[in-house]
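The values are calculated or read from the model by the stated rules, or taken from the named source; none is laboratory data. Keep in mind it's a predicted model, so treat the numbers as computed, not measured. Every residue, glycine as well, gets a Cβ built from its backbone with ideal geometry; the counts of neighbours run over all protein chains shown. The accessibility values were calculated without ligands, DNA or RNA, using every heavy atom of the protein model including side chains. Shrake-Rupley method; radii C 1.70, N 1.55, O 1.52, S 1.80 Å.
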Amino acid sequence: MRKHDFAIRHPLLTALALSMGAAISLGLTRFSYALLLPPMRADLGWSYLLAGAMNTANAFGYFVGALITPMLMRRWGAQTALIGGAVLASVFMALSGFVTDADMLLLQRVLAGIASAFIFIAGGVLAARLAALHVERAGFLIGLYYGGTGFGISLSALLVPAVLSAAAAREATHAWQWAWLALGGVCFLMTLLMAQPAHHIEGKPAASGGHSHFRIRSFAFGLAGYFMFGVGYIGYMTFVIALLKEQGMSAPAITAFYALLGLAVVASSRIWAHMLDRFKGGQSLAILNALLGVATLLPVLSSAPLAVFISGTLFGAVFLSVVASTTALVRHNLPSEAWSTGISGFTTVFAFGQIAGPTVVGWISDTAGGLQRGLVFSAVALFVGAALATRQRALARD
């Protein structure tokens with residue numbers, strides 16, 4: 001059987017396998033931390049500033065990894081970057097189950113962030129190449145890859161509370177360490193699931209033409225809007241669980257909230273597929289950023305369960321499609337040999353925005369007004385990102 005036969009005959013299975021990469025790199029490696037922040041903060045006596053710095057460290061590592069990934073893919077191909085990054089992420093996640101020192105945990109978050117970038121960028125490139133084999137379903141297949149993050153979020157929503165309860169029942173000194181170990185194990189199992197299907201897509205970069213380079217100036221407003229998305233969305237995904245605990249929401253309700261958010265991420269691949277195929281400029285990025293701003297404000301304005309669940313469902317149904325929209329923007333406006341550079345460029349500004357977001361929101365949340373004021377900052381950043389994205393135009397193509 002030729003290399004591409006499986007990807008041609010079974011595009012959905014291939015996209016689902018690739019989506020395990022998104023589940024590891026974001027759903028588990030990054031977003032599971034929202035569930036672990038409250039018990040870790042209570043156990044270790046952290047401020048919100050230090051708690052936010054943990055995800056800032058993860059975003060810094062992601063930024064470093066985004067700079068390195070194109071070189072790795074040129075040298076060894078996208079599959080090696082994807083699978084190698086997933087193995088490393090599994091190891092670094094598990095290592096958090098053996099330490100309590102804040103500096104060591106910060107280092108782990110940096111290393112996990114680097115590995116996550118390897119996974120996410122390489123997986124995005126492979127998803128774009130899979131989409132090129134099935135143009136009529138390109139938006140859906142790309143969205144399905146990014147929607148895999150939702151699998152990781154929903155799984156962590158179910159897994160982390162159960163492991164914390166089991167550890168507490170056995171009077172573990174640091175119950176949250178058990179959760180890190182369990183998450184590392186799940187990451188490794190997902191790596192095994194995606195390894196073989198990923199090898200049925202071409203991973204080596206295409207020969208580059210002299211006219212096909214990714215030019216920052218041409219995508220300036222899209223990059224700026226995506227930067228503000230990175231600043232804004234990460235505050236919600238870092239602190240929303242802590243806010244709900246402060247507002248008195250029960251543990252089962254929080255589990256349902258986060259699991260529903262994850263399922264909405266998975267559904268988003270279908271919800272926005274037509275829009276991602278239709279718009280060639282920054283329209284999708286603008287619309288989705290604005291919706292995220294609304295979702296971020298809802299739990300600030302009301303702690304009523306209905307408002308909170310609407311917020312989580314809307315946020316989940318939108319935020320990973322923002323990432324998919326930038327992949328679609330690159331795919332619509334650049335030749336295939338420039339996709340790796342374009343996706344990496346957008347991922348770099350995304351990572352850079354996330355470096356600032358959690359620490360700033362944590363610092364604001366330590367002052368009067370608490371977490372509510374911090375999430376208002378996140379919402380404003382998202383609305384600014386929407387305004388910037390409206391200025392991004394489609395590029396003229398030969």
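What to note about this one:
- By average C-beta atoms within 10 angstrom, highest first, the peptides 259-271, 120-132: 120-132, 259-271
- The distance from the alpha carbon centre of the range 131-199 to that of the range 251-321 is 19 Å, rounded to a whole number.
- Ligands, DNA and RNA aside, Trp178 has an accessible area near 100 Å² when probed at 1.4 Å.
- Overall, the accessible surface of the range 304-384 at a probe of 1.4 angstrom is composed of carbon and sulfur to the extent of 76 percent.
- Rg and Dmax of the range 355-398, based on Cα coordinates, read 15.6, 55 Å.
- Helix axis angle, 33-44 relative to the chain longest principal axis, alpha carbon, degrees: 30 degrees
- Equivalent ellipsoid semi-axes, the range 5-103, via Cα gyration tensor eigenvalues times 5, rooted, Å: 31, 16, 11
- Cα long-axis angle, helix 78-95 against the chain (0 to 90 degrees, to the nearest 10): 10 degrees
- Mean separation of Cα pairs under 8 Å and 6 or more residues apart, divided by the residue count, gives the chain a relative contact order of 27 percent.
- With the convex hull of its Cα atoms as the shape, the range 78-185 has an orientation-averaged projected area of 7.2 nm².
- Nearest 10 degrees, 0 to 90: helix 339-365 Cα axis against the chain principal axis: 20 degrees
- Accessible area expressed per residue, the range 156-202, with surrounding protein chains retained (probe 1.4 Å, Å²): 47 Å²
- When shorter helices are ignored and each DSSP H run of at least 4 residues is given -39500 (n - 2.57), the per-residue value for the chain at 222 nm works out to -27000 deg cm²/dmol.
- Dmax and Rg, reported as Rg then Dmax, of the range 215-257 (C-alpha, Å): 16.5, 49
- A quarter of the convex hull surface defined by the alpha-carbon atoms of the chain gives 17.7 nm² as the mean projection.
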